Ligand SMILES: O=C(O)CCC(=O)C(=O)O
C-alpha cells in the first residue's frame, strides 16, 4: 500500500517517467522558504549565486530540513523504497524577464545510476509556461539517449552541459504548478525549461533522491541518508550542516564536489585541466 501517491500516480510514473502536481508543502512554508532565500541574497548576493547552485543541502540547515520533509519522503518512498539518500538539492531561480533556460537533457546521462534517482521539483513560486516552468518529454526515461556536451550553453554560461539530441518539440509537455506542488521525475526523463517571460521570479528547488541500494556507473556518489538505513555502503555518507552557510560547511561541500569522477559544475575535465570553484578563498564567508 503506497504511503502518499495513488496507484494511478505510480502507474503514470512507471509509464511516462513523471508525476506532477502533487501537493506536499504548505504554501505558507513556501513563503517562509522564499523569505530565507531572499534574506540570504540580500545579505550575501555574490555567495547566493554559487551557494544555491549545487548541493545546497550541505550548506544550509534549512535546506537539509526541506530535503528531509516527511510528506515528500513518503512520496519518494513509494517510488524508491524505504532507504533514501538526498544526493543533491539545487535552487533554480529565474528572474523576471531573464533568459536563463535549460536545454533538453537527462540528468543521469553522464553517470548512470541503477535504479535511477528521482528528482523532486518543488515550486516555491507558481511555475508556469510563461515564467519558464518545467517541460518534460513523457516516456523518454527508458534509456540514455544520444547527447552532446556543450560548453557555455546559451542558458547556462560557464558550464559544460550534456544536451539530448533530436528531441521533437511536439512531444513535450508543459507542466504548471502552484506553490508547494511537486513534480517527481526520473533522472532519465528528458526535460528542460524556457526563459522567464513574466514579471515575477520563478523559484524552484530540485532535490535528487537516490535509493541506498543504487549503484553508479562511474565512481561513488555521496549523499545524506534522509530515511531508513544504509545496509549497502554504495553511497558515501555526507554530514548534516549546522547553521547557514558557515565557512566549515563551504569547505566541506567543496571537498565533496572534488571527489566526483566528473565535476558536477563543469562536466568531464580535459587532461591537465583543474577545477576552480566559485567559492574559493576570495569568496569565503567569515565565521
Ligand atoms: O529549473 C528548471 O527549469 C530545470 C532545471 C534543470 O533541469 C537542471 O538544473 O538540471
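Could you list all residues from region 128-138 that are near the ligand (Cβ under 9 Å from one of its atoms) and surrounded by fewer than 21 Cβ atoms within 10 Å (Cβ to Cβ)?
Selection gives 135 alone.
Of everything listed in (1) more than 12 Å from the ligand (Cβ to nearest atom); (2) out of contact with any strand residue (DSSP E or B) (no Cβ under 6 Å at 6 or more places or on another chain); (3) closer than 24 Å to residue 50 by Cβ, the single unmet condition for residue 156 is (1). Kindly establish whether residue 149 is over 18 Å from the mean Cα position of the chain (by Cα) and more than 10 Å from the ligand (Cβ to nearest atom). Answer is yes for this residue.
Residues that are in contact with a helix residue (DSSP H, G or I) (Cβ under 6 Å, 6 or more places away or on another chain) and within 16 Å of the ligand (Cβ to nearest atom) number at least 2 in the following helices (runs of 4 or more DSSP H) confined to region 15-127: 61-67. Taking the criterion of being at pLDDT 95 or above and out of contact with any strand residue (DSSP E or B) (no Cβ under 7 Å at 6 or more places or on another chain), the residues of region 159-193 that qualify are 170, 171, 188.
For (1) in a strand (DSSP E or B); (2) touching a strand residue (DSSP E or B) at 6+ places or on another chain (Cβ under 6 Å); (3) within 13 Å of residue 117 (Cβ to Cβ), each residue gets a yes or a no:
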residue	(1), (2), (3)
196	no, yes, no
204	yes, yes, no
207	yes, yes, yes
213	no, no, yes
219	no, no, no
224	yes, yes, no
233	no, no, no
240	no, no, no
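When residue 279 is tested against the conditions (1) surrounded by 14 or more Cβ atoms within 10 Å (Cβ to Cβ); (2) at pLDDT 85 or above, the lone failure is (2). Comparison of 163, 201 shows that the only residue that is within 14 Å of the ligand (Cβ to nearest atom), surrounded by fewer than 21 Cβ atoms within 10 Å (Cβ to Cβ), touching a residue at least 12 places away in the same chain (Cβ under 8 Å) and under 25 Å from residue 142 (Cβ atoms) is 163. Entry remark, region 202-226: residues being at pLDDT 95 or above and over 18 Å from the mean Cα position of the chain (by Cα) number 2 in total.
The values are calculated or read from the model by the stated rules, or taken from the named source; none is laboratory data. All values reported here derive from a predicted model rather than from experimental measurement. As a convention, Cβ positions derive from the backbone with ideal geometry for all residues, glycine included, and neighbour counts pool all protein chains shown.
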